[in-house]
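I have placed the structure first, in the form of structure tokens, so that the comments after it can refer back to it.
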Amino acid sequence: MTAVGIDGIEIWSGKLSLDLPEEFAPVMDDDPEKYTKGLGLFQSSFPDAYEDIVTMAANAAYRLIERKDIDPADVGRIDVATESAFDKSKPVSTYVAGALEQVLDGEFRHANKGERKFACISGTQALNDAMNWIAAGRNRGRGAIVIATDTALYERGDPGEATQGAGAVAMYVSEDPSIVELSMEQGFGSVDETDFLKPNQQFPSVDGKRSMQVYLARMREALEDFESVTGKSHPDDYRFIPFHTPFPNMVRKAAVLGYRHMIRDTDIEDELAAEIGRQPRPEEYEDDDAFSEDIQAYMDALSETEAYREWYERTIEPTLDISSRVGNWYTSSVHLARLSALIYAKREGIDLAGETLLVGSYGSGAQAEIHEERVVEGWESEIDGDSVDELLAARHPITFEEYERVHDQHNHAKEKTLEPFTAPEGEFVFDGWGPMNERQYTFIE
């Protein structure tokens, strides 16, 4: 079968940034390390007055199309994943296509357009949809533009407020891809949960402690399901493991759980036994609480071993850079993690061609997915870390008082009084409402 995968990646961040240790922590009367060390976050991105999920998606897609010189006639799908949608009928993808057609030489008239919803995992689901469409031979030689875009806002005072973020990732999915080839094998863990949801409301209802437990449980189930198809995983099998990253320290919890699972019954567990003992096995216990207590103690000890720390610094840490600077982008999160790892590898001169990534996606409600991606020859030419750094460095820093105004204005209401902090240039902007309450967009040269 022809290889199918990601041929190009571009991002667009909300154009405002809030410094968490310098601006957010003092007003919250918090130690700055609560954010930098406790959450692993330094800055959050926010949309300016003229930005929303459509402008960020369209700007990311435009960067992708221009850099890859993609002809609209060669695009057979435009799929948008978001959990920040403002319309229950008209998909965001139609707005994005309409915006792009204002500036491109061509139309997406014959491209299938849709919108995916399943919390943060829907970005990966949209990627899977595009891959399956191509693998099934229904694409007629065309590729797909897959976009994940969100404005992740919480109610003021919510514990999740410090993890907020806004931005979009656009990916071009095609045959014979230039970055990674997607595997056909997948593993899933999915259970009806109410850890995070938005029942006809803009800001989420969140059970933070429960959400973390559900995230870890579904990831474990997805890995077990994946291994039922591919065989036992080993830590040395994967050069990088990009996880869904609502905040970097969530990944630290998932990483030690995954490492513990993968080293079970391996030479690594045997070598560590003299230092921290062997893993507790559930069949050795009659009391579930006793097992849970002992397995947690084992993981605490495991996380302090040199073997784990070296693996984590090599395999996980490089995936967290962008997220630590922008906050949670919901559906884009795991795709930022992949991009962070690729940028790191290019800068460090690491030859990734032929190496395998293990990608762990998650969406509240709740579902996790595990799949592999193989890095292809020539991937370095498609990765531009400098442009990402320039994009983030160009954000306008805001004070806490300004953040309050930004937060209060980015809602679904029509009354907008926030004055822009930046002047748009070479980008799409929100331009008011039309006669049927539709949002309108224009391109500013």
With (1) at negative phi; (2) open to solvent by 30 Å² or more (accessible area, probe 1.4 Å) as the list, and residue 265 as the residue in question, which single condition is left unmet?
-> (1)
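Residues in region 39-48: is at least one among the charged types (D, E, K, R), open to solvent by 30 Å² or more (accessible area, probe 1.4 Å) and modelled with pLDDT of 95 or more?
Keep residues of region 39-48 that are among the charged types (D, E, K, R), which gives 48.
Right, trim to open to solvent by 30 Å² or more (accessible area, probe 1.4 Å) and you get none.
No - not one qualifying residue is present in region 39-48.
Kindly evaluate residue 372 against the criterion of being charged (D, E, K, R), touching a strand residue (DSSP E or B) at 6+ places or on another chain (Cβ under 8 Å) and surrounded by 20 or more Cβ atoms within 10 Å (Cβ to Cβ). Steps first, answer last, please.
Numbers: charged (D, E, K, R): yes; touching a strand residue (DSSP E or B) at 6+ places or on another chain (Cβ under 8 Å): yes; surrounded by 20 or more Cβ atoms within 10 Å (Cβ to Cβ): yes.
Against the criterion (charged (D, E, K, R), touching a strand residue (DSSP E or B) at 6+ places or on another chain (Cβ under 8 Å) and surrounded by 20 or more Cβ atoms within 10 Å (Cβ to Cβ)), residue 372 qualifies.
Looking at region 233-267, which of its residues are touching a helix residue (DSSP H, G or I) at 6+ places or on another chain (Cβ under 9 Å) and either among the small types (Gly, Ala, Ser) or free of Cβ contacts under 8 Å to residues at least 12 places away in the same chain (or both)?
Step one: filter region 233-267 for residues touching a helix residue (DSSP H, G or I) at 6+ places or on another chain (Cβ under 9 Å), giving 233-248, 250-263, 266.
Selection gives 233, 236, 254, 255, 258.
Using the structure shown, decide if residue 247 is among the aromatic types (Phe, Trp, Tyr), more than 27 Å from residue 314 (Cα to Cα) and open to solvent by less than 40 Å² (accessible area, probe 1.4 Å).
Working: among the aromatic types (Phe, Trp, Tyr): yes; more than 27 Å from residue 314 (Cα to Cα): no; open to solvent by less than 40 Å² (accessible area, probe 1.4 Å): yes.
Considered against the rule, which asks whether it is among the aromatic types (Phe, Trp, Tyr), more than 27 Å from residue 314 (Cα to Cα) and open to solvent by less than 40 Å² (accessible area, probe 1.4 Å), residue 247 comes out as no.
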If a residue has to be surrounded by fewer than 18 Cβ atoms within 10 Å (Cβ to Cβ) and closer than 21 Å to residue 59 by Cβ to count, how many in region 392-410 make the cut?
-> 6
Could you say whether any residue in region 321-332 is basic (Lys, Arg) and surrounded by fewer than 22 Cβ atoms within 10 Å (Cβ to Cβ)?
-> no
Read through the list (1) over 23 Å from residue 379 (Cα atoms); (2) open to solvent by less than 10 Å² (accessible area, probe 1.4 Å); (3) of a type in the set (A, V, I, L, M), then give the number of the only condition that residue 119 fails.
-> (2)
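So, of the residues in region 231-249 that are in contact with a strand residue (DSSP E or B) (Cβ under 8 Å, 6 or more places away or on another chain) and hydrophobic (A, V, I, L, M, F, W, C), which turns out to be farthest from residue 166 (Cα to Cα)?
In the first step, residues of region 231-249 are kept if they are in contact with a strand residue (DSSP E or B) (Cβ under 8 Å, 6 or more places away or on another chain); the result is 233, 237-244, 246.
Next, from what is left, pick out any that are hydrophobic (A, V, I, L, M, F, W, C): 240-241, 243.
Details: 240: 25, 241: 23, 243: 18 Å.
The residue in question is 240.
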Within region 355-410, how many residues are over 19 Å from the mean Cα position of the chain (by Cα), within 30 Å of residue 69 (Cα to Cα) and assigned to a strand (DSSP E or B)?
-> 1
In region 296-313, residue least open to solvent (accessible area, probe 1.4 Å) [restricted to those that are farther than 19 Å from residue 250 by Cβ and in a helix (DSSP H, G or I)] | 298
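Check region 424-440 and report whether any residue there is part of a loop (DSSP other than H, G, I, E, B), in contact (Cβ under 8 Å) with a residue 24 or more places away in the chain, aliphatic (A, V, I, L, M) and open to solvent by less than 60 Å² (accessible area, probe 1.4 Å). Before you say what the answer is, go through the steps one by one.
So the first thing to find is which residues in region 424-440 are part of a loop (DSSP other than H, G, I, E, B), and the list is 424-426, 434-438.
Subsequent filtering for residues that are in contact (Cβ under 8 Å) with a residue 24 or more places away in the chain retains 424, 438.
With aliphatic (A, V, I, L, M) added as a condition, the list becomes none.
Checking region 424-440: not a single residue is part of a loop (DSSP other than H, G, I, E, B), in contact (Cβ under 8 Å) with a residue 24 or more places away in the chain, aliphatic (A, V, I, L, M) and open to solvent by less than 60 Å² (accessible area, probe 1.4 Å).
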Looking only at region 187-230, which residues are surrounded by 21 or more Cβ atoms within 10 Å (Cβ to Cβ), under 28 Å from residue 161 (Cβ atoms) and aliphatic (A, V, I, L, M)?
-> 214, 219
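For residue 287, are the conditions met, namely being open to solvent by 10 Å² or more (accessible area, probe 1.4 Å), acidic (Asp, Glu) and either touching an Asp or Glu at 6+ places or on another chain (Cβ under 7 Å) or at pLDDT 95 or above (or both)? Walk me through it before giving the result.
On the way: open to solvent by 10 Å² or more (accessible area, probe 1.4 Å): yes; acidic (Asp, Glu): yes; either touching an Asp or Glu at 6+ places or on another chain (Cβ under 7 Å) or at pLDDT 95 or above (or both): no.
Taking the combined requirement at face value, the residue does not satisfy it.
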Sole exception among (1) in a strand (DSSP E or B); (2) open to solvent by 10 Å² or more (accessible area, probe 1.4 Å) for residue 170, by number = (2)
Could you give me the residue pairs with C-beta distances under 6 Å whose first residue belongs to region 313-330 and is more than 17 Å from residue 390 (Cβ to Cβ), whose second residue is among the polar types (S, T, N, Q) and assigned to a loop (DSSP other than H, G, I, E, B) wherever it lies, and which are 6+ apart or on separate chains?
-> 323/245; 327/164
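Can you find a residue in region 268-280 that is under 30 Å from residue 375 (Cα atoms), without any contact (Cβ under 8 Å) to a residue 60 or more places away in the chain, open to solvent by 20 Å² or more (accessible area, probe 1.4 Å) and more than 19 Å from the chain's Cα centre (by Cα)?
Initial filter on region 268-280 (under 30 Å from residue 375 (Cα atoms)): 268-269.
Filter once more, keeping what is without any contact (Cβ under 8 Å) to a residue 60 or more places away in the chain: 268-269.
The next check asks that each one be open to solvent by 20 Å² or more (accessible area, probe 1.4 Å); those that pass are 268.
Okay, now just the ones that are also more than 19 Å from the chain's Cα centre (by Cα), so 268.
There is at least one residue in region 268-280 that is under 30 Å from residue 375 (Cα atoms), without any contact (Cβ under 8 Å) to a residue 60 or more places away in the chain, open to solvent by 20 Å² or more (accessible area, probe 1.4 Å) and more than 19 Å from the chain's Cα centre (by Cα).
To keep it simple, each residue is scored yes or no on (1) of a type in the set (Phe, Trp, Tyr); (2) modelled with pLDDT under 95; (3) assigned to a helix (DSSP H, G or I).
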site	(1), (2), (3)
140	no, no, no
151	no, no, no
200	no, yes, no
213	no, yes, yes
Taking the condition over 14 Å from residue 10 (Cα atoms), open to solvent by 10 Å² or more (accessible area, probe 1.4 Å) and in contact with a strand residue (DSSP E or B) (Cβ under 9 Å, 6 or more places away or on another chain), does residue 347 pass?
-> no
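Output yes when any residue across region 411-419 is in contact with a helix residue (DSSP H, G or I) (Cβ under 8 Å, 6 or more places away or on another chain), in a loop (DSSP other than H, G, I, E, B) and surrounded by fewer than 13 Cβ atoms within 10 Å (Cβ to Cβ), and no when none is.
Step one: of region 411-419, the residues in contact with a helix residue (DSSP H, G or I) (Cβ under 8 Å, 6 or more places away or on another chain) are 416-418.
Add one more test, that the residue is in a loop (DSSP other than H, G, I, E, B), and what stays is 416-418.
Pick out the ones that are also surrounded by fewer than 13 Cβ atoms within 10 Å (Cβ to Cβ) and you get 417.
Scanning region 411-419, I find at least one residue that is in contact with a helix residue (DSSP H, G or I) (Cβ under 8 Å, 6 or more places away or on another chain), in a loop (DSSP other than H, G, I, E, B) and surrounded by fewer than 13 Cβ atoms within 10 Å (Cβ to Cβ), so the answer is yes.
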Kindly provide the set of residues from region 27-73 that are more than 21 Å from the chain's Cα centre (by Cα), of a type in the set (Gly, Ala, Ser) and more than 19 Å from residue 97 (Cβ to Cβ), ordered by number.
-> 49
Could you list all residues from region 49-71 that are among the aliphatic types (A, V, I, L, M), within 23 Å of residue 420 (Cβ to Cβ) and open to solvent by less than 10 Å² (accessible area, probe 1.4 Å)?
-> 53, 54, 56, 57, 58, 60, 61
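The values are calculated or read from the model by the stated rules, or taken from the named source; none is laboratory data. Keep in mind the model is a prediction, meaning the values are calculated, not measured. Cβ atoms come from the backbone with ideal geometry, glycine included; neighbour counts cover every protein chain shown. The accessibility values were calculated without ligands, DNA or RNA, using every heavy atom of the protein model including side chains. Shrake-Rupley method; radii C 1.70, N 1.55, O 1.52, S 1.80 Å.
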